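Peer 1: Starting off with a structure, shown below.
Nothing in this text is a laboratory measurement; each read-out follows from the coordinates by a stated rule. Bear in mind the structure is a predicted one, so any value in this text is a computation, not a measurement. Glycine gets a Cβ as well: all are built from the backbone with ideal geometry, and neighbour counts include every protein chain shown.
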Amino acid sequence: MTFTLDEFNQCINDLYDQSKQIHDRWQLIKTPKGTYLIYSFIDDNCLKYDFHIVFSESYSVPVLYFNISHLDGSLLSLDDVWKLFAHKNNSNMYETITQQEHPILHRPFFILHPCHTEKLLKQVSDQSMNKKFLFWLSIYGQSVGLPLSVNYAID
Amino acid sequence: MNTSPLDDKEITRELWQSRIPICFLLSEEDKSKVNRSETPEPFYLMLSRHLYFPCIIDKISRYYSTYYKENLTDSTNNISLHNLWLEYESIPLKWHYPIGVLYDLYTSSLSSTSSCHLPWQIIVHLSKFPENELIRFPDKETIEAHYMTTLKEADALKHKGQIIGDMQKRDHKQLWNSLFQDKYENFWNINMKLMSYTDNLQYFRYIPFRIYILDRVFIQKLFSPYDIEHDKWMTLNDLIQFSLNHEAQCERLSNEKEILNINIKDYRIIIHGVQPPLHTPIQWLSEYFSYPDNFLHICLVEKRM
């Protein structure tokens, strides 16, 4: 169960439109190398979270990239990130969160590895494209602290 | 393709055995913070082209820790093995690229003379880690995870991930361990499965490749090794021309000032330190000339006028 590039672009555009309607923070960034979504916020512990939803051509699925930084700009290390999310994940951390170059910005970001995304999406293969996308986002986003309003699930 | 399988296998063995002599020198800035009467001597290692620098981080750490015994955890100096990074000609070296790729790309492009660049002189830094440019590699498990990630991506491109997905975990481990321990036979016993065909095709669905040009992010595109419409095999020349054209088009669309030079004749095309003939079928190159991560890492170096 995969997405085509057009389906992905449609989903992120739809999410962006919904976000504007409910006054949420998603931003849509268009570049010739691809379009992606950004969500940024600062939590109660003064940590700044930046989430990017980017399309993976190799896997034909969306991938969640993120960075977490202190307010002075210094990035959290991989160890810090694992500690932060350890309570949310049972599986081997080395396999789920790794650090890679963002495919469009080419800066170091953490990612949730996409190799299991297709299997996950099979669970909702009969749903619409947008519902599949939201399902993916809610599962992956939750495990790394991305707040997703329940309003997105309402048509 | 008319090559003999036995000769081709020999090529993979030769590539496996290629090494680069490297001389590690401590940076001037960190030298001044040493607390022994003598400064660290340069030290030399002979490294496999297809390995990654973090694989020898233990060796480097052990060597320098003897010189900084008391103040390695001193955060005021910021000298710390945790902040270790490598530099060549003012460029921080990306740890997650194979050593051979870094060598081919930077020594061919940057040095002022065209004479021999061996041993490759690399500066070791123990402070001021360039966080926005480099990914940190604290340990061997992380580099193993990175290797597996790259390998999975290659299989996703070649076989929709079917072959690596069906492999046992111990096969994955064997790939990494034999790479790390330099065991050619053990590696290829598993790797040859990744070189097979699926879906009744006589070739890979897409070719895993990355093209590196100095001062640019690498180029990676979806490219099929066989042109069904015209019933012909795609060559190295086809792949590079396609990628350059596509990339230049992206740059035009984003109004870049300096558009990429798409004339192949202006570049030397280097894989594993050699220049394969441009008419080589890309399917063959993918099977026999890929790095152990199953990607073709291709360096394009502009010819000097």
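Peer 1: Starting from the Cα-Cα distance between B:LYS140 and B:THR198, subtract it from 0.36 nm times their residue separation and give me the gain in nm to one decimal.
Peer 2: Working: separation 58, 0.36 × 58 = 20.88 nm, distance 3.26 nm.
Separation in residues times 0.36 nm, less the Cα-Cα distance, equals 17.6 nm.
Peer 1: Could you point to the residue in B:ASN255, B:SER196, B:TYR226 farthest towards the positive end of region B:149-305's charge dipole, with +1 and -1 charges on the Cβ of Lys/Arg and Asp/Glu respectively?
Peer 2: B:SER196
Peer 1: Taking the Cβ of B:GLU287 as the centre, find all other residues whose Cβ is under 11 Å away and add up their charges (Lys, Arg: +1; Asp, Glu: -1). Mind dumping the intermediate values first?
Peer 2: Numbers: positive: B:LYS9, B:LYS158; negative: B:ASP8.
For residues surrounding B:GLU287, the net value is +1.
Peer 1: Could you put B:PHE242, B:PHE289 in order, starting from the residue whose Cβ has the fewest other Cβ atoms within 10 Å?
Peer 2: B:PHE242, B:PHE289
Peer 1: Next question. Given that compact globular proteins tend to follow 2.2 N^0.38 Å, what is the ratio of the alpha-carbon Rg of region B:138-200 to that value?
Peer 2: My calculation over the Cα atoms of region B:138-200 gives 1.12.
Peer 1: Under a GNM of chain A (C-alpha, springs under 10 Å), which listed residue has the highest mean-square fluctuation: A:GLY73, A:GLY145, A:GLY34?
Peer 2: Taking springs between Cα atoms under 10 Å, the residue moving most is A:GLY73.
Peer 1: Straight-line reach from B:LYS128: which lysines have Cα under 28 Å away, leaving out those fewer than 8 places along the same chain?
Peer 2: Cα-Cα hits under 28 Å: A:LYS48, A:LYS83, B:LYS31, B:LYS33, B:LYS59, B:LYS69, B:LYS94, B:LYS140.
Peer 1: Students often check this: by mean Cβ neighbours within 10 Å, which of B:82-89, A:78-85 ranks highest, and how do the rest follow?
Peer 2: Answer by packing, highest mean first, reads B:82-89, A:78-85.
Peer 1: Which value in nm describes the separation of the simple spin-label points at B:HIS246 and A:LEU71, placed 7 Å from the Cα toward the beta carbon?
Peer 2: Label-label distance for B:HIS246 and A:LEU71, simple model: 4.4 nm.
Peer 1: Given the Cα-Cα distance of B:ASP227 and B:LEU25 and 0.36 nm per residue of separation, how much length would full extension add, in nm?
Peer 2: Using 0.36 nm per residue and subtracting the Cα-Cα distance, I get 67.8 nm.
Peer 1: Hey, in the GNM for chain B with a 10 angstrom Cα cutoff, which one of B:GLU185, B:GLU144, B:GLU287 fluctuates hardest?
Peer 2: For chain B, modelled as a Gaussian network with Cα springs under 10 Å, the answer is B:GLU185.
Peer 1: Same structure again: Sort chain A into rounded, prolate or oblate with this rule: let a ≥ b ≥ c be the square roots of the eigenvalues of the Cα gyration tensor; rounded if a/c is under 1.5, and if a/c is not under 1.5, prolate when a/b is larger than b/c, oblate otherwise.
Peer 2: Rounded, because the longest to shortest axis ratio a/c is under 1.5.
Peer 1: Compute the Rg to Rh ratio over the protein assembly as shown from the alpha carbon atoms, using the Kirkwood formula for Rh, and round to two decimal places.
Peer 2: 0.96
Peer 1: Sticking with the crude label model, points 7 Å out along Cα→Cβ, report the distance from A:ASP126 to B:LEU278 in nm, one decimal please.
Peer 2: So the two model labels end up 5.5 nm from each other.
Peer 1: Report, ordered by chain and residue number, the lysines lying within cross-link reach of A:LYS122, taken as a straight Cα distance under 27 Å and ignoring same-chain residues fewer than 8 apart.
Peer 2: A:LYS88, A:LYS131, A:LYS132, B:LYS152, B:LYS158, B:LYS160, B:LYS169, B:LYS193, B:LYS221
Peer 1: Once you treat every alpha carbon in region B:205-283 as an equal point and sum by Debye, what is log10 I(q)/I(0) at q = 0.12, 0.16, 0.17, 0.21 Å⁻¹?
Peer 2: Per q value, in the given order, log10 I(q)/I(0) is -0.36, -0.64, -0.72, -1.05.
Peer 1: Related question: Against the longest alpha carbon principal axis of chain B, how many degrees, from 0 to 90 and to the nearest 10, is the axis of helix B:140-159 turned?
Peer 2: With rounding to tens, the tilt is 10 degrees.
Peer 1: How would B:SER290, B:SER178, B:SER32, B:SER18 line up from fewest to most surrounding beta-carbon atoms within 10 angstrom?
Peer 2: Details: B:SER290 25, B:SER178 19, B:SER32 9, B:SER18 13.
Final ranking by Cβ density, sparse to dense: B:SER32, B:SER18, B:SER178, B:SER290.
Peer 1: Between B:SER80 and B:THR39, what FRET efficiency follows from the Cβ-Cβ distance if R0 is 22 Å, with the result rounded to 0.05?
Peer 2: Values: r = 18 Å, r/R0 = 0.84.
Working from the Cβ atoms, E equals 0.75.
Peer 1: Between A:CYS46 and B:ASP266, what is the FRET efficiency for a Förster distance of 51 Å, r being their Cβ-Cβ separation, to the nearest 0.05?
Peer 2: Computed FRET efficiency for A:CYS46 and B:ASP266 comes out at 0.50.
Peer 1: Shifting gears a bit: Distance from a point 7 Å along Cα→Cβ of B:ASP58 to each backbone N in region B:116-146: keep the residues under 14 Å and list them by number.
Peer 2: Residues B:139-144 qualify, since their backbone N sits under 14 Å from the label point.
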